[in-house]
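See below for the structure under consideration.
The values are calculated or read from the model by the stated rules, or taken from the named source; none is laboratory data. Quick caveat: nothing in here was measured; it's all calculated off a predicted structure. Here the Cβ positions follow ideal geometry from the backbone for every residue, glycine too, while neighbour counts run over all protein chains shown. These accessible areas exclude ligands, DNA and RNA; they are computed on the full protein's heavy atoms, side chains included. Shrake-Rupley method; radii C 1.70, N 1.55, O 1.52, S 1.80 Å.
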Amino acid sequence: MGRNFRRAGAAVLAALTTTALVACSSEQAPQAEENGGGGDDAATETISIGFSQVGAESGWRAANTKSIQDTLTAENGFDLKFSDAQQKQENQIQAIRSYIQQGVDVIAFSPVVETGWDAVLEEAKAASIPVILTDRAVDSEDESLYESFIGSDFVLEGEMAGDWAVEQYDGEGFKAVELQGTTGAAPMIDRQQGFADAIAGSDIEMIDSQTGNFTRTEGKQVMEGFLQKYDDIDLVFAHNDDMGLGAIEAIEAAGKVPGKDIKIITVDAVKDGMQALADGKINYIVECNPLLGPDLAEIAKKVVAGEEVQKRIVVEDQAFDQEAAKEALPDRQYCRARRVVGGAARRRARHGTGRTDRQHGTVQHGS
């Protein structure tokens, strides 16, 4: 899912840490830097950036959009042109072509699906407009079509969820169902793979897996179908919190107790999911940090300035059990967890801080 490169140098790591802390406290990025001395000549020119968002399908996406819009402001040196693709690839391609015609300085987007981007990205390259991927990767053999990819390691997120399930429930003969994200989307593909790899060899059996399209409504609908089809479901793995919250509604409507009669593991750690975890309706959540605005701003400034940037910037994700959720909720603003618990800690203890990327076999070392 894109290259996991080691961040180059302590100075860059310190800069990214600073911007992340600012985002967590206020979801605002620092003021745009000046090029040097004083006077009018020192002012940084405004960077025009066209951003195409997947949609508004979940609480995670809303937080991600807010981080981008709050960071890429005129005060911070940006002219942001924002579009909502409503989860349709054709809308994103149309938006990217519009940005090319407008002659923006940078194009950034979170791809709806992994495939089918080469033609439009080649158009951007021909126009000498750098492209930055956020949150999700594209599946292309030509990595020159984009400058950098900023996002989480979705395979690892699935592994962390599966590790915890094995740690808690192996030996009990659990039957599990899976609420997948959007078909063909990078997080759907990778989280499914990571979870399957982690439970392989255990006696946890995945009896069904269907897409809920990352939405609460469809998550509920799919879970209702599962409950009608099977009377022995022990565990739900949902690829995001919203689908997990939809599953809770379906389970309660069926007269069962979520978190007890049927265990639930999700990914994201948005506030509603965290509250359900604290309430015992969800059993475990793996975080996916949506606050990508500061990293996007920094990379955009560098590519416009002609500076070298890392091809793959991995956002570190941790995990919550019920106790950790209760501790974090009072100040929760989608920042990363304060600690790793359960299976995730066990996996990192076994393998160290290094991690292997699905597509390219490169290693990203934790900070």
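Looking only at the stretch 275-310, count how many residues are β-branched (Val, Ile, Thr) and more than 24 Å from PRO187 (Cα to Cα).
Step one: list which residues in the stretch 275-310 are β-branched (Val, Ile, Thr), which gives 282, 285-286, 299, 303-304, 309.
From the residues that got through so far, the ones that are more than 24 Å from PRO187 (Cα to Cα) too are 303-304.
Final tally of qualifying residues: 2.
Pull up the stretch 109-127, narrow it to residues that are closer than 18 Å to LYS81 by Cβ and out of contact with any Leu (no Cβ under 8 Å at 6 or more places or on another chain), then point me to the one that is most open to solvent (accessible area, probe 1.4 Å).
Across the stretch 109-127, the extreme among qualifying residues is GLU123.
Looking at this structure, is THR73 open to solvent by 60 Å² or more (accessible area, probe 1.4 Å), in a loop (DSSP other than H, G, I, E, B) and hydroxyl-bearing (Ser, Thr, Tyr)?
Numbers: open to solvent by 60 Å² or more (accessible area, probe 1.4 Å): no; in a loop (DSSP other than H, G, I, E, B): yes; hydroxyl-bearing (Ser, Thr, Tyr): yes.
For THR73, the condition - open to solvent by 60 Å² or more (accessible area, probe 1.4 Å), in a loop (DSSP other than H, G, I, E, B) and hydroxyl-bearing (Ser, Thr, Tyr) - is not met.
TYR99 versus (1) open to solvent by 50 Å² or more (accessible area, probe 1.4 Å); (2) within 22 Å of GLN69 (Cβ to Cβ): which is the lone unmet condition?
That leaves (1) as the condition not met.
Can you tell me which residue within the stretch 200-257, out of those that are among the β-branched types (Val, Ile, Thr) and closer than 24 Å to LYS271 by Cα, is most open to solvent (accessible area, probe 1.4 Å)?
So the first thing to find is which residues in the stretch 200-257 are among the β-branched types (Val, Ile, Thr), and the list is 204, 207, 211, 215, 217, 222, 233, 236, 248, 251, 257.
Remaining after also requiring closer than 24 Å to LYS271 by Cα: 211, 215, 217, 222, 236, 248, 251, 257.
Values: THR211: 51, THR215: 23, THR217: 90, VAL222: 19, VAL236: 0, ILE248: 11, ILE251: 0, VAL257: 68 Å².
In this case the residue turns out to be THR217.
Report whether or not ILE189 is out of contact with any Phe, Trp or Tyr (no Cβ under 7 Å at 6 or more places or on another chain), outside any helix (DSSP H, G or I) and hydrophobic (A, V, I, L, M, F, W, C). Spell out how you get there, then give the answer.
Working: out of contact with any Phe, Trp or Tyr (no Cβ under 7 Å at 6 or more places or on another chain): yes; outside any helix (DSSP H, G or I): no; hydrophobic (A, V, I, L, M, F, W, C): yes.
Criteria not met by ILE189.
Read through the list (1) at pLDDT 95 or above; (2) of a type outside the set (S, T, N, Q); (3) open to solvent by 10 Å² or more (accessible area, probe 1.4 Å), then give the number of the only condition that GLU316 fails.
Of everything listed in (1) at pLDDT 95 or above; (2) of a type outside the set (S, T, N, Q); (3) open to solvent by 10 Å² or more (accessible area, probe 1.4 Å), GLU316 misses just condition (1).
Here's a check for you: in the stretch 135-149, which residue that is in a loop (DSSP other than H, G, I, E, B) and hydroxyl-bearing (Ser, Thr, Tyr) is surrounded by the most Cβ atoms within 10 Å (Cβ to Cβ)? Before you say what the answer is, go through the steps one by one.
Filtering the stretch 135-149 down to residues in a loop (DSSP other than H, G, I, E, B) leaves 135-142, 146-147.
Cutting the leftovers down to hydroxyl-bearing (Ser, Thr, Tyr) gives us 140, 146.
On the way: SER140: 17, TYR146: 23.
Step by step, filter the stretch 135-149, then rank; the result is TYR146.
Being farther than 16 Å from ALA186 by Cβ and assigned to a strand (DSSP E or B) is the filter here, so list the residues in the stretch 77-130 that pass it.
PHE78, ASP79, LEU80, LYS81, PHE82, SER83, ASP84, VAL106, ILE107, listed by residue number.
Go through ALA161, ALA176 for me and flag whichever is in a helix (DSSP H, G or I) and open to solvent by less than 10 Å² (accessible area, probe 1.4 Å). If you could, list the steps in order and put the result at the bottom.
Details: ALA176 fails: in a helix (DSSP H, G or I).
Exactly one residue qualifies, and that residue is ALA161.
One residue is enough: does the stretch 155-173 have a residue meeting the conditions in contact with a Leu (Cβ under 9 Å, 6 or more places away or on another chain) and under 21 Å from VAL54 (Cβ atoms)? Don't jump to the end; show me each part of the working.
So in the stretch 155-173, the residues in contact with a Leu (Cβ under 9 Å, 6 or more places away or on another chain) come out as 165, 169.
When the remaining residues are screened for being under 21 Å from VAL54 (Cβ atoms), the result is none.
No, there is no match, as no residue in the stretch 155-173 is in contact with a Leu (Cβ under 9 Å, 6 or more places away or on another chain) and under 21 Å from VAL54 (Cβ atoms).
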